[in-house]
Every structure is written in C-alpha cells, then in structure tokens.
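So the structure is just underneath, and the comments pick up after that.
The values are calculated or read from the model by the stated rules, or taken from the named source; none is laboratory data. Here the structure is a predicted model, which means the values were calculated and not measured. Cβ placement follows ideal geometry from the backbone for every residue including glycine, while neighbour counts extend to all protein chains displayed. Accessible surface is based on the protein model in full, side chains and every heavy atom, while ligands, DNA and RNA are left aside. Shrake-Rupley method; radii C 1.70, N 1.55, O 1.52, S 1.80 Å.
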Amino acid sequence: MKSLFILPLLVSLIVPVASAQVNGEAGNDAARNLVEKVLDRYMGNTEVSRMSLVTCAYRDKGDSIGCSSAPRRKTVQSISKMYGQKLKDSRGLMLILEPVAEYGIGILQYDYVESGADSDQWMYLPELDQVKRIASSNDAPKKGSLFGSEFSLEDMERQKLNEYTYKIIGKETINGEELVKVEHVPTKARAPKSNYAKRIQWIDEARLLVIKEEYYELSGELFKVKTSSDLVESDDIWTAKKVMMRNLKTRRVSMLLYADVTYNLPIQDEALTPRILSDAVFRENFIKSLRQEKPAAAMPVARQ
C-alpha cells in the first residue's frame, strides 16, 4: 500500500520539471527564430556608404557620455555586396579617405554564412605597400581592431546562426520601444575562436534591428556596450546612422556616423578583391564610377 502513495508524489515532482524543460526549449526556439530573422533581414544587394569614425576617451555625463580627450576622426568609405543563393554571404571593403596621412589604409572582408566557413580578412598598409591576410585559427580568436577603434575585427564579422545557442531573457523599453533581450552563447566549436563568453542583444522585433548589444569577456565581466540610433528607412531598408561602441575597460568610445548610404548600386565582382587594396589607380577609378552611379538624394531624416 505504501507504494500507492509514493507514485502520485513522484508524478507530481516529475511533471513540473518536464513542463519547465518543454517551456525552456520553446523559449530557446523562439529566441533562435528571432535571431534568424534579424540575420536574414534584407539589406540590399549592395551598399555604398561614407561615414566618420570618431574615437576618444570618455567620461560619464548623467544619462550620456562625452569625450574627455581630443577625438580622433577618420572618414571611411564602405562598400559591400551580398552573394549566394539566399544573399547571406558577403564581401565588404572599408577604406580610410581622411586624414591624408592614413589615406589608403583598408580592410577587405569575405563572410561565408551559407557555407559556414571562417571569414577571410585582408588589411593593406600603404607605408608597407603590402596586403596582409588576417588568418583565422581553430583554437584562438582574431585580435586587432578596426582602424584603431573600439570595434574589433571579430565585431565586424557576420554572425553564423549555428555558432551560438540562444535564450530570451526578458524585455525592456528603450526610447519608447519594447525590445526583446536575447542571450547569445558560443557553441563549443565557436568558443575557442571568440573573444567573448557571451553577448546580449536588445532586438526591435518590428524592424528586426539590434538596438543595443553587450559583450562579456571570457571571465564573465561586461566588456563593451554597442548602441545603434538615429534610425532611417530607405528603399524599405532600415539603417542606423549612428553606431557607438563603448569599452568599459579602456574607458574609450568609438562612433560610426553615417553621412550617407545608398543601396543596390551595380558593383562588379572583380572590384571587391585584394587588388582593390593595393592598386591605387584601379581603386580610384572604381570609387569614381560609384560616385557617378550614385543618386544625388540625401539620406532620409532619422526617425524612431
């Protein structure tokens, strides 16, 4: 008779645990599905933009931050093209136009989201007149930053969905918009290649944009915070005109400020090869041709 009383007790203990597991799995699926929509968001076949990259030491000013040192400013030309059957792979160039002393320094990047291969990155330094390939490693993450800013080379890579596990950890309202908080943890295969133990994103579900992102060191400490603002819509594509990366360790901040952006200009495949970095005449003719193709309309006014 004693066992008849024990069985219902065991069932009552097992059922809530099983239910929690099912709910947890459903939540993880929802998180993964949302991230997949963000990664698959249409961003045009090509993008041509010009931006300012501003970096300085910062100090807190209440709810905002301000530079506590003279900012370093660079004008950067950015060109990218999507590839593959689902337009998930990409090739992108970022080239310094100003200051004159740094003119021609550039980074070329190939991302292979569909094939799952590691990104390829090349850097060109005019002083050395040499294109250097930034090699990936199976057991170490990439080091270095984008033109000496707080944006790392890893931050510039396109994320691959299967390299992380995802979990919705809540919602938060920022600037009047309710955003979904999603935790990203690298898989065992990805972890050795990353500088971060995890990332947390605040996602705008309506526009499928990441408005805020936190990066955590391998020690678990919060390392950097990225925010995107001044949102504009052009050709049904949402773009953040201001992207800010704040490094809590160095107390430095970098901002990408878009002056203009144009989508779907024709770009030949042969333009986005390592030749674009080292061949100055080829590069200048290519950029000149883009300016002739580009419409004169200004970027739309930002709206939230």
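Which condition breaks for ALA189 when tested against (1) open to solvent by 50 Å² or more (accessible area, probe 1.4 Å); (2) hydrophobic (A, V, I, L, M, F, W, C); (3) touching a Phe, Trp or Tyr at 6+ places or on another chain (Cβ under 8 Å)?
Exception for ALA189: condition (3).
Please verify whether VAL232 is at pLDDT below 95 and in a strand (DSSP E or B), treating the condition exactly as stated. Step through it out loud before you land on a result.
Working: at pLDDT below 95: yes; in a strand (DSSP E or B): yes.
The answer is yes for VAL232.
When only residues in the stretch 194-208 that are in contact (Cβ under 8 Å) with a residue 60 or more places away in the chain and surrounded by fewer than 19 Cβ atoms within 10 Å (Cβ to Cβ) count, which is farthest from ASP155 (Cα to Cα)?
Per the criteria, the residue is GLU205.
Tell me, please, whether a residue that is in contact (Cβ under 8 Å) with a residue 40 or more places away in the chain, open to solvent by 20 Å² or more (accessible area, probe 1.4 Å), farther than 26 Å from SER152 by Cβ and not in a loop (DSSP other than H, G, I, E, B) can be found in the stretch 210-226.
No: the stretch 210-226 contains no residue that is in contact (Cβ under 8 Å) with a residue 40 or more places away in the chain, open to solvent by 20 Å² or more (accessible area, probe 1.4 Å), farther than 26 Å from SER152 by Cβ and not in a loop (DSSP other than H, G, I, E, B).
Do the conditions hold for GLY148, that is, is it at positive phi and in a loop (DSSP other than H, G, I, E, B)? So that I can check it myself, show each step before the final result.
Details: at positive phi: yes; in a loop (DSSP other than H, G, I, E, B): yes.
Yes: the conditions hold for GLY148.
Being of a type in the set (D, E, K, R) and loosely packed, with under 14 Cβ neighbours inside 10 Å: is that true of ARG275 here? Give the steps one after another, and end with the answer.
On the way: of a type in the set (D, E, K, R): yes; loosely packed, with under 14 Cβ neighbours inside 10 Å: no.
No; evaluated as a whole, the condition is false for this residue.
Can you pull out the strands (runs of 3 or more DSSP E) entirely within the stretch 1-95 that have at least 2 residues that are open to solvent by 40 Å² or more (accessible area, probe 1.4 Å) and at pLDDT 95 or above?
Because the criterion is at least 2 residues that are open to solvent by 40 Å² or more (accessible area, probe 1.4 Å) and at pLDDT 95 or above, the strands (runs of 3 or more DSSP E) in the stretch 1-95 that meet it are 46-61, 72-83.
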